[in-house]
Amino acid sequence: MSGSAFPFGSRGAGILLHVSSLPSRWGIGDFGPAALAWIDHLADAGIGWWQVLPLGPPGRGNSPYEPFSTFAVNEILVSPDGLFEDGLLSQAELVGAVLNPTAVDFERTGELKFRFLTRAHNRFRTGKDGPLHDEFDAFCTAQAHWVDDYSLFRALRERHHRAEFREWPAELRRREPEALAAARRDLAEPIELFRFAQFVLDRQLGQLQSHARGKGVRLLGDVGFLIAPNSTEVWAHPEIFLLDADGRPTFVAGVPPDYFSADGQLWGNPLYDWAVLRGTGYRWWIDRIRVAMGQVDVVRLDHFRGFAAAWHIPAGSTTARIGEWRPGPGADFFNAAASELGPLPVIAEDLGLITADVTALRDQFRFPGMRVLQFAFDGKPENPFLPENYPTHVVAYTATHDNNTSRGWYESLPERQRQNLRTYLGRSIDDAGEIAWDLIRLAWESRAELAVVPLQDVLNLGAEARMNSPGHALDNWGWRATEEQVSAAALGPLAELSRKTGRSNSP
């Protein structure tokens, strides 16, 4: 059967910009006025797609791909202005701005946002029953399958000085019923605060999504394949992961050695026990997709190849050299998900070591794959990332969040690859000043049904604006745009190119 729900319809254009990168006076982008204005600018420019990174509360290294929960939303994305509009904060309480406009100060911003949330929660608790309270009750009932565990996990983490759950007392580590019941009594207030925060975030994200749909802009989100080792899910559902008796992974994720890395990549995340998941009808994974589908219009499945097979590295290994490919759930999972959820609005992140089984699984369900132009210029005419080799049903990118900016990429290229690019373009390149727009034009003129560019490339920024450097734990995920950089004027050239290439969403 075909499980795809991604009929692009017509040629489309999109911009990749994480919510955290939007401007605001609160130290980080959020679901408030700047996000609404950004959607308006996209609509006015005829850009029909806004792609964001995972929205979960980040753990190690502030990475959205290492969240404390794959279901929850990052509390520091809450809009204080939205809390004010809902009558949960007063105008006098909207103070304490974090002033760095170009980078996220995660610690200071987190402290500020939780002060706002605590004040809002106190006012909510003392308020009279009303529509907001009814919505809160409905949210808690509908999302109990994850929000109860998440709220307890976060409250326990704070109680234990933010230690990993494997360092908690044994009775809590093992989730003994009496210990959990006692924790729920003792920590009732912080548990309710985390539950309330998730309700507010869900409400604000829903309002953002409604605004986008009204403007003809669709949201493209991201679901990571892997789960953080110190997460609600590993603590609350150890049976679905390959863990030992102490809850530690027996195998961890990564990729084997290749042309780019002699030792491979050792990620360290736990891997799934697909036999157990299959026995539940893939309930946990289907719930994951359902929640994501409620937050965005289309989901990019990160590390799609893991559904075909994943590289299993024995725990304790210092490199990814030793391991084995073990099969994933394959078509069985996607058939089960489509049977319950209907056609799946999915893009397959099919980058890296892609084998025939991965391609077959992607094509069986007609999920569009990805093509990244920065990977195209090795001099081989059969390179699948060259625009002339694209099928129609793909998403073309100049770069992703894991790449350098296109300008930074060109400036760091070996001379041989620079020459390959010059030959391909058929002209000399005097400096890197136009290279980002060279790639944008290639993507926009390609036959790909959707073309996406990071905002940093639209702005022709250098390596200082890079979002993430894989393998480097520090100084990632913090880049922010200024108000001028997300203005209508900044999108003008892309709007014109979209019109010329038949990708504009405007009449």
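The values are calculated or read from the model by the stated rules, or taken from the named source; none is laboratory data. Bear in mind the structure is a predicted one, so any value in this text is a computation, not a measurement. Because the Cβ atoms are built from the backbone with ideal geometry, glycine has one as well, and the counts that use them run over all protein chains shown. Quick note on the areas: whole protein, heavy atoms, side chains included, nothing else; ligands and nucleic acids left out. Shrake-Rupley method; radii C 1.70, N 1.55, O 1.52, S 1.80 Å.
Data for the structure
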quantity	calculated
Cut-off under 5 Å, modelled amide H: who pairs with Ala13 long-range	Gly48, Trp49, Ala451
Cut-off under 5 Å, modelled amide H: who pairs with Phe251 long-range	Leu271, Ala315
Low-density loop positions, trypsin sites (Lys or Arg not before Pro), region 409-494 - DSSP coil, at most 16 other Cβ in 10 Å	Arg427, Arg447
Karplus 3J(HN,Hα) series, Hz, for region 341-357 with 6.51 cos²θ - 1.76 cosθ + 1.60 (x for Gly, Pro)	9, x, x, 8, x, 10, 10, 8, 7, 9, 9, x, 7, 9, 9, 4, 5
Cβ-defined net charge surrounding Leu450, 9 Å radius [Lys, Arg +1; Asp, Glu -1]	+1
Full-stretch length increase - Ala188, Thr392 - with 0.36 nm per residue and alpha-carbon distance subtracted	68.1 nm
Simple spin-label estimate for Asp431 and His160 in nanometres, 7 Å along Cα-Cβ	5.5 nm
3J(HN,Hα) from dihedral phi, region 113-126, Karplus parametrisation 6.51/-1.76/1.60, rounded to Hz, x for glycine, proline	5, 6, 5, 4, 5, 5, 4, 5, 5, 4, 5, 4, 5, 8
Cross-link reach list, lysines versus Lys500, counting only Cα pairs under 22 Å and skipping chain neighbours closer than eight places	Lys215
Loop-located chymotrypsin sites (Phe, Trp or Tyr not before Pro) in region 221-270 whose Cβ has at most 16 other Cβ within 10 Å (DSSP)	Tyr259, Phe260
Karplus 3J(HN,Hα) series, Hz, for region 13-30 with 6.51 cos²θ - 1.76 cosθ + 1.60 (x for Gly, Pro)	9, x, 10, 8, 7, 5, 3, 4, 7, 5, x, 5, 7, 9, x, 7, x, 8
Added length on full extension, which subtracts the Cα-Cα distance from 0.36 nm per residue, Asp402 to Arg60	121.5 nm
In nm, spacing of pseudo-spin labels at Glu496 and Ala138 (7 Å Cα→C-beta vector)	4.7 nm
For Ile347, distant residues with modelled amide H under 5 Å away	Val299, Arg300, Leu301
Region 147-223 - percent of accessible surface contributed by carbon and sulfur, probe 1.4 Å	43 percent
Surface per residue (accessible, 1.4 Å probe) for region 325-460, Å²	39 Å²
Accessible surface of region 348-507 [probe 1.4 Å, protein heavy atoms]: carbon and sulfur percent	50 percent
1.4 Å probe accessible area per residue over region 1-140, in Å²	38 Å²
